[in-house]
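Everything below concerns the one structure shown next.
The values are calculated or read from the model by the stated rules, or taken from the named source; none is laboratory data. Predicted model only: the values in this text are computed from it and were never measured. Every residue, glycine as well, gets a Cβ built from its backbone with ideal geometry; the counts of neighbours run over all protein chains shown. Each accessible area value is taken on the protein alone, full model and side chains, heavy atoms only, with ligands, DNA and RNA left out. Shrake-Rupley method; radii C 1.70, N 1.55, O 1.52, S 1.80 Å.
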Number of protein chains: 2
Amino acid sequence: MNTKRDQILDTALKLFVNNGFHATPTSKIAKDAGVATGTLFHYFKTKEELINTLYLETKDNLTNSLLENVNVQETLKAKFRQVFFNYIFWAVDHPNHQQFYTSYSNSPFITNLTKEHGLQRFQFIYELIEKGQDEDILKAVPIDLLVEAMQGLLNGIIKHLMENPEKMNEEKYQNDAFKLFWDTIKG
Amino acid sequence: MNTKRDQILDTALKLFVNNGFHATPTSKIAKDAGVATGTLFHYFKTKEELINTLYLETKDNLTNSLLENVNVQETLKAKFRQVFFNYIFWAVDHPNHQQFYTSYSNSPFITNLTKEHGLQRFQFIYELIEKGQDEDILKAVPIDLLVEAMQGLLNGIIKHLMENPEKMNEEKYQNDAFKLFWDTIKG
DNA sequence: TTTTGAATCGACTAATCAGTCTACAAATCT
DNA sequence: AGATTTGTAGACTGATTAGTCGATTCAAAA
């Protein structure tokens, strides 16, 4: 249900990633999605609202994935390992969403309001890090710095993986990649 | 000399960073730069050529800065330290260029040709890494992975620094930041 | 001095875009 | 059933955009 709405969202995502916002007219989104422009504007009042919706739904989707299979009883390192691979597998499974998210999370198109709204959802990562710092497992540097560093590093690794998808299933590669990550944050 | 051309480039950079490509008409660039649209198109055949020029000149500027004061006689770690801070200080000194570069280096606006052309200039970084791997100083992981990881991490650190510019001159912060970087790549 | 071509200007145009309007059909409610 | 809301369509419009064109200025070469 709500198939038209979803078709519009899916099509817009693809077009935005491949051509950018400005080269993607609403008329083309509607046409490729197989609906009329009236329908598009029925679901989204403006083009900007469509973009923001796309961004928020993508972020929700990612955030939910990050938490999967994170076992409370495991060590902190094991938890980070799980989150790390959740992120990576999500990116590989949803390449368009991943590219959309990294390309546009710093874009002036994504309004400040939207950014803030999205930010709060990473709360549990912050808690994980704080705990790690208290226990002297992670580096005692400003937490915001650590978060940005992690996110940047992850982006780099994912970028590499996107260009070398065959590595994804090599165990050695996986261990290497996580070692980069863990060495960065561990104290 | 060529002041008009430079005015156009400077103005375009500012507008692109603050408003994005699509919300920045050539007419506004010309107006803000204090020239006529005809003049803009005299120097740049198309808007896209203007964008690509901006990207390439920015990349040149960055690349040149990276090499400054890298002393051949120093240890590998010291060389990396120098490059690391060259990047960071460049970013702080040229915030608009920095934001333009990171925001748009993955953008569909930057044509593939331009990307490739720009890529070759990081040659010396690759050589530095290879040497480090041969000497068992750096991690023995695929070199492209290491490069992407470094770049991602650096982006994250810079992003944090942009939001906390007062930290820039704290020695502790500098050491913390470089430690993140070095721990990531060292073997 | 004369000639030439680059630099500059801004009015203009053809194309395109975001969003509107009207109409009708399907679903949901009373 | 009848009434009201929601979904869908696509032609249309007013505004905006990238890029053009012919006129003018200016500096340097011949």
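The set of residues in region A:47-74 that are closer than 28 Å to B:P25 by Cβ and either away from DNA strand D (no atom under 16 Å from the Cβ) or open to solvent by 70 Å² or more (accessible area, probe 1.4 Å) (or both) comprises A:E48, A:I51, A:N52, A:L54, A:Y55. Which of the residues belonging to region B:155-176 are open to solvent by less than 20 Å² (accessible area, probe 1.4 Å) and more than 7 Å from every other protein chain (Cβ to nearest Cβ)? Residues satisfying the conditions are B:I158, B:L161, B:M168, B:Y173. For region A:3-49, name all the residues that are out of contact with any Gly (no Cβ under 9 Å at 6 or more places or on another chain) and basic (K, R). Of everything in region A:3-49, those that are out of contact with any Gly (no Cβ under 9 Å at 6 or more places or on another chain) and basic (K, R) turn out to be A:R5, A:K14, A:K28, A:K31, A:K45, A:K47. Residues in region A:12-25 that are away from DNA strand C (no atom under 12 Å from the Cβ) and open to solvent by 20 Å² or more (accessible area, probe 1.4 Å) were compared, and the one that is farthest from the other protein chains (Cβ to nearest Cβ) is A:K14. Scanning region B:1-23 for residues that are at pLDDT 90 or above, within 21 Å of A:I110 (Cβ to Cβ) and either within 13 Å of DNA strand D (Cβ to nearest atom) or in the same structural domain as B:N96 (by TED's automatic domain parsing) (or both) yields B:L15, B:F16. Picking from residues in region B:53-98 that are over 21 Å from B:L15 (Cβ atoms) and within 14 Å of chain A (Cβ to nearest Cβ), the one that is nearest to DNA strand C (Cβ to nearest atom) is B:Y87.
Within the option set B:L113, B:L54, B:L119, B:L67, being at pLDDT below 95 and touching a Leu at 6+ places or on another chain (Cβ under 7 Å) holds for one residue only, B:L54.
Within this structure, B:I29 fails the test of being within 14 Å of chain A (Cβ to nearest Cβ) and either in a helix (DSSP H, G or I) or away from DNA strand D (no atom under 16 Å from the Cβ) (or both).
Just to be sure before I move on: is A:L50 over 20 Å from the mean Cα position of the chain (by Cα) and either within 16 Å of DNA strand C (Cβ to nearest atom) or not in a loop (DSSP other than H, G, I, E, B) (or both) in the structure I sent? When the stated conditions are applied, A:L50 does not pass them. Candidates are the residues of region A:32-47 that are in a loop (DSSP other than H, G, I, E, B) and without any contact (Cβ under 8 Å) to a residue 12 or more places away in the chain; the one that is nearest to DNA strand C (Cβ to nearest atom) is A:T46.
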